[in-house]
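The values are calculated or read from the model by the stated rules, or taken from the named source; none is laboratory data. None of the values given here were measured: they were computed from a predicted structure. Using ideal geometry, Cβ is built from the backbone for each residue, glycine included, and neighbour counts are taken over all protein chains shown.
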Amino acid sequence: MFKVLITDPIAPEGVEILREAGFQVDEKPDWKGEKLIENIRGYHALIVRSATKVTADVIKAADELRVIGRAGVGLDNIDLNAAKERGIKVLNTPGATAISVAELALGLLLSCARWIPQADRSIRSGKWEKKRFKGIELYGKTLGIIGIGRIGSELAKRAHALGMVILAYDPFVKEHDIAKLVDLDELLSESDFISLHLPLTEDTRHLISTREFELMKEGAVLVNAARGGVVDEDALYKALKSGKLRCAALDVYENEPLPQDSPLRELDNIVMTPHIGAQTVEGQRRAGIEIATKIREYLTGQDNA
Ligand code: NAD
């Protein structure tokens, strides 16, 4: 009988799929670090989200492990080289939360256009500042999407439906049904709103820095729900402080959790959420079901081989 260990909670529907397959499933959300290393022997599959750190030591201790499943996209918490060395397959669910992240990005665009979080804060402090919160419409504006894969494309569809003109920069995409593909500098200088949906790699670290902010329109809006390191936070701070940018909205940060003393916290023209892009009921349910199905297929497929 296959033994599956789940150390970050996944949707109950996913757990059920594994139990129905006849597997022993143990949900142990408090098994992290040393405790995980002590207890992982004998398990054939490990399912995590982002909280469990699957380090080389964890992998070394996992004598029977055949597959690691990440309910979600990013694999930054898994030592992929160590897994590869031991021949352990790593699976994830890249498409499951694309709509959730795209909807958050849309919410962040609207928050910056209409100052929704700032207006909420103001009214809670007893004020009624109608003049201060003059907004702008998304309708008729140009949205530049950097990285037009799954999430970028879901955002493009939704923003197009709101009457936005869509530009995209993506060196690996040659055509797109909604977005006009342009080079990075053209996107930066032509867009009223810019939303980032590319991975963080050696090539994309600080892709958006001083030069790129200079190229942007006066009063542009930047949304980052991709990965923090894609934006140089020091340069972003300056662009917000100087008023070059109308507003930025971030779901992700160079260091997470965002340090208490981050200067970004002082700014009023910034909207921040704590990496919640994929955190929806539907997205997590899809991710849980998808990872459980993939793990079941992988283990039973190996068994039949
Ligand atoms: P995807 O692979 O479907 O799309 C990413 C796109 O970026 C691809 O089309 C790729 O060609 C493009 N790209 C790669 N390098 C580029 C570059 N240098 N410049 C421009 N484009 C480039 O991935 P996805 O599912 O759409 O996810 C996008 C990113 O969103 C992920 O890498 C992840 O970091 C982030 N994400 C964030 C959250 C969140 O909670 N905020 C959740 C899921 C994913």
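Could you check segment 68-83 and list, in sequence order, the residues that are more than 14 Å from the ligand (Cβ to nearest atom) and either outside the structural domain of TYR43 (by TED's automatic domain parsing) or in contact with a strand residue (DSSP E or B) (Cβ under 8 Å, 6 or more places away or on another chain) (or both)?
ILE68, GLY69, ILE78, ASP79, LEU80, ALA83
Quick check on ILE123: is it buried (at least 19 other Cβ atoms within 10 Å of the Cβ), farther than 23 Å from VAL281 by Cα and over 18 Å from the mean Cα position of the chain (by Cα)?
Numbers: buried (at least 19 other Cβ atoms within 10 Å of the Cβ): no; farther than 23 Å from VAL281 by Cα: yes; over 18 Å from the mean Cα position of the chain (by Cα): yes.
It is false that ILE123 is buried (at least 19 other Cβ atoms within 10 Å of the Cβ), farther than 23 Å from VAL281 by Cα and over 18 Å from the mean Cα position of the chain (by Cα).
Could you tell me whether any residue of segment 105-118 is in contact with a Leu (Cβ under 8 Å, 6 or more places away or on another chain), away from the ligand (no atom under 16 Å from the Cβ) and assigned by TED's automatic domain parsing to the domain that holds THR7?
No, because not a single residue in segment 105-118 is in contact with a Leu (Cβ under 8 Å, 6 or more places away or on another chain), away from the ligand (no atom under 16 Å from the Cβ) and assigned by TED's automatic domain parsing to the domain that holds THR7.
Could you check, for segment 220-233, whether at least one of its residues is away from the ligand (no atom under 12 Å from the Cβ), assigned to a helix (DSSP H, G or I) and surrounded by fewer than 17 Cβ atoms within 10 Å (Cβ to Cβ)?
Within segment 220-233, not a single residue is away from the ligand (no atom under 12 Å from the Cβ), assigned to a helix (DSSP H, G or I) and surrounded by fewer than 17 Cβ atoms within 10 Å (Cβ to Cβ).
Which condition from (1) within 17 Å of TYR169 (Cα to Cα); (2) at pLDDT 95 or above; (3) within 16 Å of the ligand (Cβ to nearest atom); (4) not hydrophobic (A, V, I, L, M, F, W, C) is the one that THR201 breaks?
Unmet for THR201, out of (1) within 17 Å of TYR169 (Cα to Cα); (2) at pLDDT 95 or above; (3) within 16 Å of the ligand (Cβ to nearest atom); (4) not hydrophobic (A, V, I, L, M, F, W, C): (2).
Looking only at residues that are within 14 Å of the ligand (Cβ to nearest atom) and surrounded by fewer than 22 Cβ atoms within 10 Å (Cβ to Cβ) in segment 164-174, which one is farthest from VAL73 (Cα to Cα)? Even if it seems obvious, please write down each step before you answer.
So the first thing to find is which residues in segment 164-174 are within 14 Å of the ligand (Cβ to nearest atom), and the list is 167-174.
Checking the rest, the ones that are also surrounded by fewer than 22 Cβ atoms within 10 Å (Cβ to Cβ) come to 170-174.
Working: ASP170: 19, PRO171: 21, PHE172: 19, VAL173: 20, LYS174: 24 Å.
The residue in question is LYS174.
Residue by residue, here is whether (1) closer than 24 Å to GLN284 by Cα; (2) buried (at least 16 other Cβ atoms within 10 Å of the Cβ); (3) without any contact (Cβ under 8 Å) to a residue 24 or more places away in the chain; (4) hydrophobic (A, V, I, L, M, F, W, C) holds:
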position	(1), (2), (3), (4)
LEU104	yes, yes, no, yes
ALA113	no, yes, no, yes
PHE133	no, no, yes, yes
LEU155	yes, yes, no, yes
HIS176	no, yes, no, no
GLU190	no, yes, no, no
HIS197	yes, yes, no, no
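Restricting segment 9-68 to residues that are charged (D, E, K, R) and under 16 Å from GLY87 (Cβ atoms), which is surrounded by the most Cβ atoms within 10 Å (Cβ to Cβ)? Lay out the reasoning, then the answer.
So the first thing to find is which residues in segment 9-68 are charged (D, E, K, R), and the list is 13, 16, 19-20, 26-28, 30, 32, 34-35, 38, 41, 49, 53, 57, 60, 63-64, 66.
Checking the rest, the ones that are also under 16 Å from GLY87 (Cβ atoms) come to 60, 63-64, 66.
On the way: LYS60: 14, ASP63: 10, GLU64: 12, ARG66: 19.
Here the residue is ARG66.
Yes or no: segment 84-100 includes at least one residue that is more than 11 Å from the ligand (Cβ to nearest atom), in contact (Cβ under 8 Å) with a residue 40 or more places away in the chain and in a strand (DSSP E or B).
Restricting attention to segment 84-100, the residues satisfying the condition of being more than 11 Å from the ligand (Cβ to nearest atom) are 84-91.
Imposing the further condition that a residue be in contact (Cβ under 8 Å) with a residue 40 or more places away in the chain reduces the set to 89, 91.
With the extra rule that they be in a strand (DSSP E or B), the set shrinks to 89, 91.
Looking for residues that are more than 11 Å from the ligand (Cβ to nearest atom), in contact (Cβ under 8 Å) with a residue 40 or more places away in the chain and in a strand (DSSP E or B), one finds at least one in segment 84-100, hence yes.
Could you say which residue among ASP183, ASP192 is within 11 Å of the ligand (Cβ to nearest atom), more than 13 Å from LEU106 (Cα to Cα), modelled with pLDDT of 95 or more and charged (D, E, K, R)? I'd like the intermediate steps shown before the answer.
On the way: ASP192 fails: within 11 Å of the ligand (Cβ to nearest atom).
Step by step, each of ASP183, ASP192 is checked, and only ASP183 is within 11 Å of the ligand (Cβ to nearest atom), more than 13 Å from LEU106 (Cα to Cα), modelled with pLDDT of 95 or more and charged (D, E, K, R).
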